[in-house]
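Engineer: This structure is in structure tokens; I'll ask about it shortly.
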Amino acid sequence: MRRNFYGKMRLKNLPLFIFLFVSFFILSNNLFAESVVTDGHSHEEVKRGERFFKGLLPFKRDYSSCVSCHNLVLTDTLNWNPSAMDIALKYADKDFESFQAAVMSPIGVKMEASHVNFDIPEEDLKTVKVYLDNLAHTGTADPKPTYNNLIIFLFLGLLLTWALVELIFLHKIKWKIVPVIIFMGAFGWQVKMIITDAIKLGRQENYAPDQPVKFSHKVHVGENGIDCMYCHTTVEQGKSAGIPATNLCMNCHIIIREGTNSGKFEIAKVVEANEKGTPIEWTRIHNLPDHVFFSHAVHVGSGKLDCAQCHGPVEEMDIMEQYSDLSMGWCVNCHRDTKVDFGNNGYYEHFVKMHEDLKTGAIDSVTAADIGANDCMRCHY
């Protein structure tokens, strides 16, 4: 009797327990949200500032939303305007008046044009500053992974299973060729997906990460004609081509302080890094496995290869990307096809027999593979 009584009491009070639990969860969540932002700003102020930044408020306006120029996510084309995170980090430790002055009177021809009709009340602009301050602490949300290939793979697995069950047990379809075709097609597609993804392991063709400074090879190499070796000074003597130090950048930017596309914002990052003596943390683009040895000195310094042969038309790239897949097959084929600058190159003087064969006409050219470039130990030792 007592057990039944307590059981009924629990069931009777269950809605109350659920209500208290939900209330506690919401209350604790709000308390936590209010503590995310410092200086006494609430979660509601952050959300209101986010709505203004993304153009959800005000409902009627004659100007573009902030996010239409200052992106929150990585894009595959170069957006010359500073990103939302760039702005957030720059003004996180500055007062509202400095932020307001930059918004209402931006520096740069293109930025001034985009802010011509920008009219937002001061109180609302303060919430935008609160949102950006919070963004500087929390960072932007990571992009969500896509599961398209996984869904397709699982769907093909279901087709395979159905075809097998039909062929072995059900026997519902009159024409046995139908489940056979479905089985072969699904199985072949799955094998193709596995092989394709297996080949891509460790490769990153078209990899183009976001960089701390919006540096355009198209502007520097294509439009201004700067030679690769002016910036990458160790390419002929070192294993790596080298990343230019900020003081090398200042050879030009001691005078050039405003870019045609980016205004002063991006160049100011280089100037500030140089003045503080802190290196810019560039993200490496071209990566090889740890068990592979590659030297720019051998390929550029000795082999006299042009940079574009591996890195592609960098003079056309606003965003630098990995042009070649840098696979072993790609390297081996290059060694087989590339003719070495052999005759007038002191690096290859010790190949006496080959020089004599060239003079007598026994051979008309020498490839990298002919002088041992495809020997396993050259790259994997």
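The values are calculated or read from the model by the stated rules, or taken from the named source; none is laboratory data. Keep in mind that what you see is a predicted model, and the values were worked out from it rather than measured. Ideal geometry is used to build each Cβ from the backbone, glycine not excepted, and the neighbour counts take in all protein chains shown.
Engineer: Could you please let me know if Gly242 is in contact with a helix residue (DSSP H, G or I) (Cβ under 9 Å, 6 or more places away or on another chain), modelled with pLDDT under 95 and closer than 29 Å to Trp80 by Cα?
Structural biologist: So Gly242 fits the description; yes.
Engineer: So which of Asn261, Asn251, Asn274 ends up being within 27 Å of the chain's Cα centre (by Cα) and at pLDDT 95 or above?
Structural biologist: Matching residue, one of Asn261, Asn251, Asn274: Asn274.
Engineer: Cβ-Cβ below 7 Å, separation at least six or inter-chain, first residue in the range 89-100 and touching a residue at least 40 places away in the same chain (Cβ under 8 Å) and in a helix (DSSP H, G or I), second surrounded by 15 or more Cβ atoms within 10 Å (Cβ to Cβ) and among the aliphatic types (A, V, I, L, M): which pairs?
Structural biologist: Between residues of the range 89-100 that are touching a residue at least 40 places away in the same chain (Cβ under 8 Å) and in a helix (DSSP H, G or I) and residues that are surrounded by 15 or more Cβ atoms within 10 Å (Cβ to Cβ) and among the aliphatic types (A, V, I, L, M), the close pairs are Leu89/Ala136; Tyr91/Leu132.
Engineer: Restricting attention to the range 215-227, does a residue exist that is small (Gly, Ala, Ser), at pLDDT below 95, surrounded by 14 or more Cβ atoms within 10 Å (Cβ to Cβ) and more than 23 Å from Trp330 (Cα to Cα)?
Structural biologist: Within the range 215-227, not a single residue is small (Gly, Ala, Ser), at pLDDT below 95, surrounded by 14 or more Cβ atoms within 10 Å (Cβ to Cβ) and more than 23 Å from Trp330 (Cα to Cα).
Engineer: Related question: Being at pLDDT below 95 and part of a loop (DSSP other than H, G, I, E, B) is true for just one of Ser365, Ser324. Which residue is that?
Structural biologist: Unique residue meeting the criteria: Ser365.
Engineer: Something else: Taking Met328 as meeting all but one of (1) over 30 Å from Ile226 (Cα atoms); (2) within 25 Å of the chain's Cα centre (by Cα); (3) surrounded by 18 or more Cβ atoms within 10 Å (Cβ to Cβ), write down the number of the exception.
Structural biologist: The one condition Met328 does not meet is (3).
Engineer: Residues that are over 30 Å from Gly55 (Cβ atoms): list the helices (runs of 4 or more DSSP H) wholly contained in the range 122-234 that include at least 1 such residues.
Structural biologist: Per the criteria, 148-165, 177-200, 228-231.
Engineer: In the range 138-170, what residues are of a type outside the set (A, V, I, L, M) and closer than 15 Å to Ile182 by Cβ?
Structural biologist: Phe155, Gly157, Thr161, Trp162, Glu166
Engineer: Among the residues of the range 335-353, which ones are crowded, with 17+ Cβ neighbours inside 10 Å and not in a loop (DSSP other than H, G, I, E, B)?
Structural biologist: His335, Tyr348
Engineer: Would you check if there is a residue in the range 58-81 being buried (at least 16 other Cβ atoms within 10 Å of the Cβ), out of contact with any strand residue (DSSP E or B) (no Cβ under 6 Å at 6 or more places or on another chain), of a type in the set (Gly, Ala, Ser) and modelled with pLDDT of 90 or more?
Structural biologist: no
Engineer: Is it the case that Glu281 is under 20 Å from Asn206 (Cα atoms), of a type outside the set (Gly, Ala, Ser) and either surrounded by 13 or more Cβ atoms within 10 Å (Cβ to Cβ) or touching a residue at least 24 places away in the same chain (Cβ under 8 Å) (or both)?
Structural biologist: no
Engineer: Another question about this same structure. Looking only at the range 82-108, count how many residues are in contact with a strand residue (DSSP E or B) (Cβ under 9 Å, 6 or more places away or on another chain) and of a type in the set (D, E, K, R).
Structural biologist: The total comes to 0.
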